[in-house]
Amino acid sequence: MKRKTYISLLLLGIILLPGLLAAQQIRVSPDGEVRSIKEAVEMAQPGDHILVEAGTYTESEIKITKPLTLEGVDRPVIDGNREGNILIIRADSVTVKGFMIKNTGRSYVRDYSAILLENSKDFLIEDNDLDNVYFGIYLAETDRGIVRGNRIESYDRREAASGNGIHLWSVRNPKILDNTVMGLRDGIYLEFAEGAEISGNRSNDNNRYGLHFMFSDNSVYHNNIFRRNGAGVAVMYSENVDMTENLFEHNWGASAYGLLIKDMQKSRIESNRFYRNTVAIYSESSSDISIHRNNFELNGYAVNIKSSSRNNNFTENNFIENSFDVTTDSPRNPNTFDSNYWSQYEGYDLDRDGIGDVPYRPVRLFSVITQRQPEALILLRSMLITLLDTAERIMPVLTPQTLTDERPKMERIQ
């Protein structure tokens, strides 16, 4: 009988143990028992929930090395006082949300960040405002993390003196969702990332790139806005990348692009809008890319594709009132243009099937000239250039004879 009673008590203890070990709640406030976030983190047990009430907490180098939830109530401010990193996370299953975090340290040798995550998994960084930071959110060797709904802004307009808004290095399966990044060096930067989902972000007015990623395969970039960035967006040394329904807008400058692709393979660029960029797409050493159903509107150059880019397919895109629709540096054409709409097409459609009866040659002679002599752009609207372009379309000499759209659409593709 005693043995049965002992076993019953043991089983009851096992059942009640999770409740006894349930997460505790720790409250931090300027006039409470716990007044320091760093103190609350040190006293917390794994799984605890730290609530930080409204106020300003001048703290930096807050190290989180255990699973915790750190939540701000009524937008408390963590002021790093320009001293190093502010939050340093080296644990799995950490949540940080609801804070204003400002004034990181600045250095030319250290990447001081508002929120630094190293060797972490399954974290959530959500709904924070980061202001006047060197680097905003820095992920290094992480897996399955989510960065969502944050606003990151800084103000140093010198590229060399600014860091990146959301920086990812050697990460797996990150989700970067619905963030706003302004005034940094690169809005979003990825290097050696695998399986990234970058969606719903606004990356505007950054000193260099709105988005910059290298060696980052099997990723999806969807429904983002990249506007007024110094050099636009750069995609390099990556494959199996999907870029869909993004807006590339007002990226102007001598070395600016809507989208620069270099050494990219087996990828898809679809249903994006390229509006008023110096060059909408610049392609170098890229291959097997589908460029499908995009809108190229009022750009300087819609497509500048180098001879090193091969087997790329441009299909059912709208080219509308660009100064130059396509330019290239080679008389040969190893790429395909098919069934696109060209606003500058002057052909006819006698059988009324919606397809022009005369092939369209999108490379103007003048675009070839300006590639060699940029100063010639001053003659862009002159009658002489119009006559030269017309003669070249009739009897191609300097432009690629095989770079034609054999089935140009007569009406804009919806």
- Enumerated strands (runs of 3 or more DSSP E) restricted to the range 125-174, each holding at least 3 residues that are of a type in the set (A, V, I, L, M, F, W, C) and either buried (at least 18 other Cβ atoms within 10 Å of the Cβ) or free of Cβ contacts under 8 Å to residues at least 24 places away in the same chain (or both): 135-140, 166-172
- Message: What pairs come out if I take residues in the range 178-198 that are touching a residue at least 24 places away in the same chain (Cβ under 8 Å) and pair them with residues that are acidic (Asp, Glu) and outside any strand (DSSP E or B) whose C-beta lies under 9 Å away, six or more apart or interchain?
- Response: 182/205; 183/156; 183/205; 184/156; 185/156; 185/159; 187/205
- Message: If a residue counts only when it is in contact with a Ser or Thr (Cβ under 9 Å, 6 or more places away or on another chain) and of a type outside the set (Lys, Arg), which strands (runs of 3 or more DSSP E) contained entirely in the range 220-268 have at least 3 such residues?
- Response: 232-239, 241-244
- Within the range 205-243, can you find the residues that are within 14 Å of residue 273 (Cα to Cα) and either of a type in the set (Ser, Thr, Tyr) or surrounded by fewer than 24 Cβ atoms within 10 Å (Cβ to Cβ) (or both)? 221, 222, 223, 225, 227
- Name the residues in the range 66-94 that are under 19 Å from residue 24 (Cβ atoms) and more than 29 Å from the chain's Cα centre (by Cα), would you? 66, 73
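Tell me, please, whether a residue that is in a loop (DSSP other than H, G, I, E, B), at positive phi and surrounded by fewer than 17 Cβ atoms within 10 Å (Cβ to Cβ) can be found in the range 300-311.
Within the range 300-311, one or more residues are in a loop (DSSP other than H, G, I, E, B), at positive phi and surrounded by fewer than 17 Cβ atoms within 10 Å (Cβ to Cβ).
Condition check ((1) within 28 Å of residue 273 (Cβ to Cβ); (2) surrounded by fewer than 15 Cβ atoms within 10 Å (Cβ to Cβ); (3) at pLDDT below 95; (4) polar (S, T, N, Q)) across all residues:
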position	(1), (2), (3), (4)
317	yes, no, no, yes
333	yes, no, yes, yes
365	no, no, yes, no
375	no, yes, yes, no
403	yes, no, yes, no
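Take the conditions assigned to a loop (DSSP other than H, G, I, E, B), more than 23 Å from residue 305 (Cβ to Cβ) and modelled with pLDDT of 70 or more and apply them to residue 414. Does it pass?
yes
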- Long-range neighbours under 7 Å by Cβ, at least six apart or interchain, first residue under 15 Å from residue 246 (Cα atoms) within the range 267-284, second assigned to a loop (DSSP other than H, G, I, E, B) and aliphatic (A, V, I, L, M): 275/298; 276/298; 277/256
- Filtered residues of the range 148-196 (kept if among the polar types (S, T, N, Q) and more than 12 Å from residue 208 (Cα to Cα)): 150, 154, 170, 173, 179, 180
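The values are calculated or read from the model by the stated rules, or taken from the named source; none is laboratory data. Treat the numbers as computed from the prediction; the structure is a model and nothing was measured. We place every Cβ from the backbone using ideal geometry, glycine too, and count neighbours over all the protein chains shown.
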